[in-house]
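Below is one structure, written out as structure tokens; comments come after it.
The values are calculated or read from the model by the stated rules, or taken from the named source; none is laboratory data. What you are looking at is a predicted structure, and each value in this text was computed from that prediction instead of being measured. Glycine gets a Cβ as well: all are built from the backbone with ideal geometry, and neighbour counts include every protein chain shown. For the accessible areas, the whole protein counts, side chains as well, though only heavy atoms, and no ligand, DNA or RNA atoms are used. Shrake-Rupley method; radii C 1.70, N 1.55, O 1.52, S 1.80 Å.
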Amino acid sequence: MQKFPLAVIGAGVIGRTHIERILKTPEFALVGVAEPGQAGRQWCAERNIPVFENHEALLEATRPQGVVIATPNATHVDVAADCMARGIAVLIEKPVADTLAAAERLIQNEKDTAVPVLVGHHRRQNPILQRARQIVADGRLGQVVSANVMANFYKPAAYFDVAWRRQAGGGPVLINLIHDIDMLVFLLGEVRAVQGCLSSAVRGFEVEDTGSALFEFASGTQAVMTVSDTAVSPWCWDLCAGEQSQYPRQNVQSHFLSGTHGSLSLPDLALWRYEGERHWHHEMMREQSRVHEIDVYVQQLRHFRAVAERLEPPICSALDGWRTLQATQALLQAAHTGQRQTCPTFTA
């Protein structure tokens, strides 16, 4: 297979995650990285990676077929526009943008240029989540009436040495819980309304350290979610799904879907149901699915190539990213105002 030329804009933590996968995957060629920071430039130089101070110089010199955008959220859409103006497909890290208005500009730009966009909600690539989505779509759960999600973990004090992580927007809702919100959007469809509350009672920072939310889906499903980055707990996707080796894997579950004909836990894909009459006095059956483990970031890059080559539609489009961002921002607004927030359907 001919190597697919990729560039990466941003060599921070998530940018390096992409760079490392590109370098170890034979079907890709890393043509260059744009990174203004000295630490990131040094990291690239140590690996003999061509590095440019800004993305304009990178695009002009290397002319890639696809670009991974791993820059600060507020720059996503403007950087993407520069790539798309050159006909280059973009993989934009989550969240798709810092505001809904910016995400809407991206959607319009995609329509105007016909250049494909993939949003980096990488959990959608996981075979566990794809099997769960098929189980839901096949009606194995009946009507999904409720979901319970836990995203509770402990971040050490050194994590907050970086100032923006102590400030609004740097907390576990936008950094971590947005992944879990996207998982539910992927499984259950559009969110219609959100209620929630946030607390910074433990650390006392400007940003939240703990929160809870109630999501109401267009389908009628009610989802209760909790998040905390100050809880000593194994109950979060990162610790129990095995997607990234830096997290020791725990044999517990973090996501639960309950329906009128069955229930499903994740990530173990255990399906609970009655074999005969549905009755709380009767015994339940446990059906177990098994799926192959993959590197979701490598799979995302392979999918991105197929999207860029117009062979596959994006598993997380710009519009999908907008929906997840809308639900996440609705939670933040609900917590700020103490009022239920509605989530209107996108209209072009």
**Request:** Would you check if there is a residue in the stretch 192-215 being assigned to a loop (DSSP other than H, G, I, E, B), open to solvent by 50 Å² or more (accessible area, probe 1.4 Å) and touching a Gly at 6+ places or on another chain (Cβ under 7 Å)?
**Result:** no
**Request:** Just give me the residues in the stretch 77-98 being touching a residue at least 12 places away in the same chain (Cβ under 8 Å), under 21 Å from residue 329 (Cα atoms) and out of contact with any His (no Cβ under 7 Å at 6 or more places or on another chain), in sequence order.
**Result:** 77, 93, 95, 98
**Item:** Candidate set from the stretch 111-128 (those that are of a type outside the set (Val, Ile, Thr) and under 12 Å from the mean Cα position of the chain (by Cα)); member that is farthest from residue 292 (Cα to Cα)
**Value:** 118
**Prompt:** Conditions: (1) over 21 Å from the mean Cα position of the chain (by Cα); (2) on the phi > 0 side of the Ramachandran plot; (3) free of Cβ contacts under 8 Å to residues at least 60 places away in the same chain. Residue 189 meets all but one. Number of the miss?
**Reply:** (1)
**Message:** Of everything in the stretch 257-289, what is in a strand (DSSP E or B) and either of a type in the set (Asp, Glu) or touching a His at 6+ places or on another chain (Cβ under 9 Å) (or both)? Give them in sequence order.
**Reply:** 264, 265, 266, 273, 287
**Request:** Scan the stretch 150-167 and report the pairs whose first residue is touching a residue at least 40 places away in the same chain (Cβ under 8 Å) and closer than 18 Å to residue 236 by Cβ and whose second residue is among the aromatic types (Phe, Trp, Tyr) and assigned to a helix (DSSP H, G or I), with Cβ atoms within less than 8 Å and a gap of 6+ or a chain change.
**Result:** 151/237; 165/159
**Residue tally, condition farther than 28 Å from residue 255 by Cβ and in a helix (DSSP H, G or I), over the stretch 108-149** = 6
**Request:** Filter the stretch 199-249 for residues that are under 20 Å from residue 166 (Cα atoms), in contact (Cβ under 8 Å) with a residue 60 or more places away in the chain and among the charged types (D, E, K, R) and give the result.
**Result:** 208, 229
**Complete:** Quick count over the stretch 1-29, residues being hydrophobic (A, V, I, L, M, F, W, C), under 23 Å from residue 244 (Cβ atoms) and open to solvent by 30 Å² or more (accessible area, probe 1.4 Å), is 3
**Request:** Take the stretch 216-249 and flag every residue that is part of a helix (DSSP H, G or I) and open to solvent by 10 Å² or more (accessible area, probe 1.4 Å).
**Result:** 238, 239
**Item:** Test result for residue 126, surrounded by 15 or more Cβ atoms within 10 Å (Cβ to Cβ), touching a Pro at 6+ places or on another chain (Cβ under 9 Å) and under 21 Å from residue 213 (Cα atoms)
**Value:** no
